[in-house]
Amino acid sequence: MLLFGCATNSPVTPGNTCDVTKYQPLAVGKWWVYERVVDLGSGAVETDSFVIDRSTKAGDKTVFFVQRFTNGTLQSTLESTVSNGQLLEMIPGMFNNLLTPKDCQCPDARGAVLSCATSLPGVRGSRPADSILVVDGDGNPLTVITQYRWSTAGSHTDGIYGQLSTTVLQPAPQLATSIRTVNIAISDSVVIVDPPNASFTNGKRVMAGLTVVSRTYLFGVGLLTESLNQEYESMDSPSGPRKTVFTRRLRSYGTR
C-alpha cells in the first residue's frame, strides 16, 4: 500500500551533487519511528524509535548521539557523524545485531554506511576481545586470549521513492524523491590466539559469522527501510548456527 504525495516530473535531489547529509539529516531533536518485523517464525512486530539526543565537536567533525528505543524502552546510544562525504556509524556484526545490547567487551566495527560513491570503502580490523574461560582436553580450565577481526564490503544503487510500492509513510514524500540503497556484507570472527590446545565448547578455535544488511535512505528524511540477515557459529553449541533476521520500515519522522 502506498500513500501518494504530489508527483513531480523529475527526482527531488540536491541538484547534481550527492550529499549524504541530505539522505541522512543529522541534527539534535530529529526523530524516526520504525515498525520492525522479526522474521524467525514468530513474525513479531515491535516499534523502534530513534532520536538524536545531543552532539559534540571532535576536531573538525560533529558527532551526534542517537538514542535507540524498543517499544519505548531505551536500548542503547550510538554515535553518528559525517566525514569526507561519508556517513560513519557502528557496523552491525556478530556481537551487535542492532536489536540487543552486547554481552561482551568486544570492540565495535565502525565505518562508512553511506557515501556518494558506487561502492562503500571497505573496513578491515583486528583487535583483542574478551578473554574466555574454556576447558582443555583434560578438563582443566583455561583463560584464553581471543582476537576479534572483521571486514566489510558494500555497494549503492539509486532510485526514487515511487518505486517502493510497500512503503507507508507520514508525512508522505513526493513520489519522485531520490533514494539511495546500500548493501553491506560484514564478515567477522573470534579466534583463540593462545594457548594452542584451547578451543571453544563446540571444539573449534574459530567462530565465524556473516551479516548482510540492506538499507534505503530517502532524500530529506533519512533511513527509510532496513533488512538484516545474520548467521554465525555458536561458541557453546555444535547444533548449528544462530540466526537473526529482521526488517525495519519507517512509519513517521519529525523534529521535536
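The values are calculated or read from the model by the stated rules, or taken from the named source; none is laboratory data. Note that the structure is a prediction, hence the values are computed from the model and not measured. Here Cβ is always computed from backbone atoms with ideal geometry, including for glycine, and neighbour counts include all displayed protein chains. Surface accessibility is based on the protein's heavy atoms, side chains included, excluding ligands, DNA and RNA. Shrake-Rupley method; radii C 1.70, N 1.55, O 1.52, S 1.80 Å.
Within the range 196-210, residues that are over 14 Å from Thr143 (Cβ atoms) sit with their Cβ atoms under 6 Å from residues that are surrounded by 15 or more Cβ atoms within 10 Å (Cβ to Cβ) and modelled with pLDDT under 85, at 6+ positions apart or across chains, in these pairs: Arg205/Ser199; Met207/Glu233; Met207/Met235; Ala208/Glu233.
For residues that are in a strand (DSSP E or B), over 12 Å from the mean Cα position of the chain (by Cα) and at pLDDT below 95, scanning just the range 214-248, find the one that is farthest from Asn183 (Cα to Cα). The qualifying residue farthest from Asn183 (Cα to Cα) is Arg242. Once the range 116-142 is narrowed to residues that are of a type in the set (Val, Ile, Thr) and more than 29 Å from the chain's Cα centre (by Cα), the residue that is farthest from Asp19 (Cα to Cα) is Val135.
So, of the residues in the range 93-121 that are under 30 Å from Thr70 (Cα atoms) and loosely packed, with under 13 Cβ neighbours inside 10 Å, which turns out to be modelled with the highest pLDDT? Steps first, answer last, please.
Step one: list which residues in the range 93-121 are under 30 Å from Thr70 (Cα atoms), which gives 93-115, 120.
Cutting the leftovers down to loosely packed, with under 13 Cβ neighbours inside 10 Å gives us 100-101, 103, 105.
Details: Thr100: 77, Pro101: 75, Asp103: 77, Gln105: 80.
Restricting to residues being under 30 Å from Thr70 (Cα atoms) and loosely packed, with under 13 Cβ neighbours inside 10 Å, the top hit is Gln105.
Restricting Ala208, Ala172, Ala198 to those that are at pLDDT below 95, open to solvent by less than 10 Å² (accessible area, probe 1.4 Å) and not basic (Lys, Arg) reduces the list to Ala198. Here Gly222 clears all of (1) in contact with a Gly (Cβ under 9 Å, 6 or more places away or on another chain); (2) at positive phi except the condition numbered (1).
Among the residues of the range 132-141, are any modelled with pLDDT of 90 or more, open to solvent by 20 Å² or more (accessible area, probe 1.4 Å) and not in a strand (DSSP E or B)? Scanning the range 132-141 turns up no residue that is modelled with pLDDT of 90 or more, open to solvent by 20 Å² or more (accessible area, probe 1.4 Å) and not in a strand (DSSP E or B).
Looking across the range 66-90, not a single residue is more than 23 Å from Trp31 (Cβ to Cβ) and surrounded by 19 or more Cβ atoms within 10 Å (Cβ to Cβ). As a summary of the residue check, Ala153 satisfies the conditions (1) open to solvent by 80 Å² or more (accessible area, probe 1.4 Å); (2) in a strand (DSSP E or B) except for the one numbered (1).
Residues that are open to solvent by 40 Å² or more (accessible area, probe 1.4 Å) and either among the aromatic types (Phe, Trp, Tyr) or assigned to a loop (DSSP other than H, G, I, E, B) (or both) are absent from the range 180-194.
Of all the criteria given as (1) farther than 21 Å from Thr152 by Cβ; (2) of a type in the set (D, E, K, R); (3) part of a strand (DSSP E or B), the one not satisfied by Asp103 is (3). Checking the range 233-241 against the condition returns no match, with no residue being in contact with a strand residue (DSSP E or B) (Cβ under 9 Å, 6 or more places away or on another chain) and closer than 20 Å to Ala112 by Cβ. Residue selection: Ser115 fails the criterion of being over 24 Å from Glu35 (Cβ atoms) and without any contact (Cβ under 8 Å) to a residue 60 or more places away in the chain.
Does Ile192 qualify as being over 23 Å from the mean Cα position of the chain (by Cα) and of a type outside the set (Gly, Ala, Ser)? Yes: the conditions hold for Ile192. Among the residues of the range 38-64, those identified as on the phi < 0 side of the Ramachandran plot, open to solvent by 40 Å² or more (accessible area, probe 1.4 Å) and of a type outside the set (D, E, K, R) are Leu40, Ser42, Ala44, Val45, Thr47, Ser55, Thr56, Ala58, Thr62.
What are the residues in the range 211-237 that are closer than 21 Å to Asp138 by Cα, surrounded by 16 or more Cβ atoms within 10 Å (Cβ to Cβ) and among the small types (Gly, Ala, Ser), if any? Passing the criteria: none in range.
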